Amino acid sequence: MLNLYNKMITPVIIIQMLTLLAPSLYDLDEEHTFGGDLMRKIRSPLYQKIAIELARQIKDGIYQEGELLYARSMIAEAFDVSPETARKAVNVLVDLGIMSAYHGSGTYITSAQKATAFIKQHEASQAMKQMEQSIADSIAKQEKEWLHMKDQLRQLMNHRESAYTHNPFIPFELHLNDQADHLGKRLKEMNLWQQTTATVVGILHQGHLVLSPGPYAQVFSGDTLYYIGDEESSLKMRNFFYGDTQPK
């Protein structure tokens, strides 16, 4: 089971895949933490945050098309940033066609429609980031649970091996359900020892335990077989009664 787990796609691989899916989504307006310690933190420049807020205000009609804005005074003062930061924010909106700059006269609002489209795109990107964050959190939680289960399984196998080493006569047990093969057969018919090297020492049938059953004892659905042998015998017994189908 441990080998099968190691061959699975691990949460770390999934997180790495997610980071490749949308690298452009992490350049917007906030610090983004992805997958705990597995991912970096990405902080957007302040001017991008201001550009987004300006576009939002244009969309909401706070600033109207044709209105003149002065980056180095009005915008810098409104957002309490340096004139250079305000200028960079305006340049972003100019590049998007939301504003137009005229040398010597300032910057004008030119398209509320483009501002609306830009904000919609930004909100869609934010929603996707939130979904990715939720996926990453779930993956991190599952990875923690897998590691815990893997550790518990390792401890169980160690305890079982230790118990078997100190007392090899502790029997294994196998419950038979309706899916089991050989139901209704006698132990003698099945040649169990020849097939599995396991020796049946007891059969629990309808609440009654039969110790040291004879060769004519039959097995039925609902029975529990108690047998001694090594780990390989245990695997052979399961395969003998269930084949590739694992008992439920």
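Please treat every number below as a calculation from the coordinates, not as lab data. Note that the structure is predicted; figures quoted are calculated from it, not measured. Cβ placement follows ideal geometry from the backbone for every residue including glycine, while neighbour counts extend to all protein chains displayed.
Look at the dipole of the stretch 172-242 built from charges on Cβ: of A217, Y242, L174, the Cα furthest out on the positive end belongs to A217.
Using the beta-carbon distance between Q194 and E145 and R0 = 41 Å, what value does 1/(1 + (r/R0)^6) give for FRET efficiency, to the nearest 0.05?
0.45
Taking amide H as placed 1.01 Å from N in the peptide plane, V210 has its amide H under 5 Å from the amide H of I203, L204, H205, each at least 5 places away in sequence or on another chain.
Once the piece of chain linking D60 and R186 is laid out straight, how much longer is it, given 0.36 nm per residue of separation minus the C-alpha distance between them?
37.0 nm
State the extension gain, in nm to one decimal, for the chain segment bounded by K120 and Y216, taking 0.36 nm per residue of separation less the distance between their alpha-carbons.
Working it through step by step, the gained length comes to 26.8 nm.
Residues whose amide H falls under 5 Å from that of A217, counting only those 5 or more places apart or on a different chain, are L187, K188, with hydrogens built in the peptide plane. For the stretch 117-134, the Karplus equation 6.51 cos²θ - 1.76 cosθ + 1.60, evaluated at θ = phi - 60°, returns couplings of 5, 5, 5, 4, 5, 5, 5, 5, 5, 5, 4, 5, 4, 5, 5, 5, 5, 4 Hz by residue, with Gly and Pro reported as x. The H on the amide N of N177, modeled in the peptide plane, is under 5 Å from the matching H of G222, each at least 5 residues off or on a different chain.
Of K88/K129; K150/K236; K59/K114; K49/K88, which sit over 19 Å apart, Cα to Cα? In this structure, K88/K129; K150/K236 exceed 19 Å between Cα atoms. What the phi angles of the stretch 52-62 give under the Karplus curve with 6.51, -1.76 and 1.60, with θ = phi - 60°, is a coupling list of 5, 5, 4, 4, 5, 5, 5, 4, 7, x, 5 Hz, glycine and proline written as x. What the Cα atoms of the stretch 172-242 give is an Rg and a Dmax of 10.7, 28 Å.
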